[in-house]
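A.B. asks: Here's a structure for you.
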């Protein structure tokens, strides 16, 4: 018989026995043992709530002016809007789309 195989089998048996012993020892503890925070332990303090303070009216006004200025600059840099489509262009586009839809309908039918 191989010695290495014998050692692995014995260690596996030892592990199984250790688990069985631990399980039996666990049965000996009191079933009604207390769980959770122990009595007399300090309770956690509630999170602090912020009272008052914050930004003043003048600060709010200053911030508002700065943001308005910032957005005005961004609006200037934005791409210019396109001119609205003329009635003739709209009609031409509509006719092109109708033609395309008809071709697709004929193709699938």
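Since every read-out is calculated from the coordinates, none of them should be taken as a lab result. The shown structure was predicted, so the numbers you read here are calculated from the model rather than taken from an experiment. For neighbour counting, all protein chains shown are included, and Cβ atoms are generated from backbone atoms with ideal geometry for every residue, glycine included.
A.B. asks: What 222 nm value per residue comes from the helices of the chain, counting each DSSP H run with n ≥ 4 as -39,500 (n - 2.57) and dividing by all residues, nearest 500 deg cm²/dmol?
C.D. replies: -22000 deg cm²/dmol
A.B. asks: May I pose another question? As an exercise, take the mean of 1/r over every pair of distinct alpha carbons in the chain, invert it, and state the Kirkwood radius in angstroms.
C.D. replies: 26.3 Å
A.B. asks: Let me ask something additional. Arranged from highest to lowest average of other beta-carbon atoms within 10 Å per residue, in what order do the peptides 74-82, 96-104 appear?
C.D. replies: 96-104, 74-82
A.B. asks: Once Rh for region 33-92 is found with the Kirkwood sum over Cα pairs, what is the Stokes-Einstein diffusion coefficient at 37 °C and 0.692 mPa s, in µm²/s?
C.D. replies: The diffusion coefficient I find is 173 µm²/s.
A.B. asks: Let me ask something else about it. If I model a spin label at residue 66 and residue 12 as a point 7 Å from the Cα along the Cα→Cβ vector, what separation in nanometres do I get?
C.D. replies: In this crude spin-label approximation the distance works out to 7.2 nm.
A.B. asks: Right, next: On a full-extension model of 0.36 nm per residue, what is the gain between residue 106 and residue 37, subtracting their alpha-carbon distance, rounded to one decimal in nm?
C.D. replies: The span from residue 106 to residue 37 would gain 17.2 nm if fully extended.
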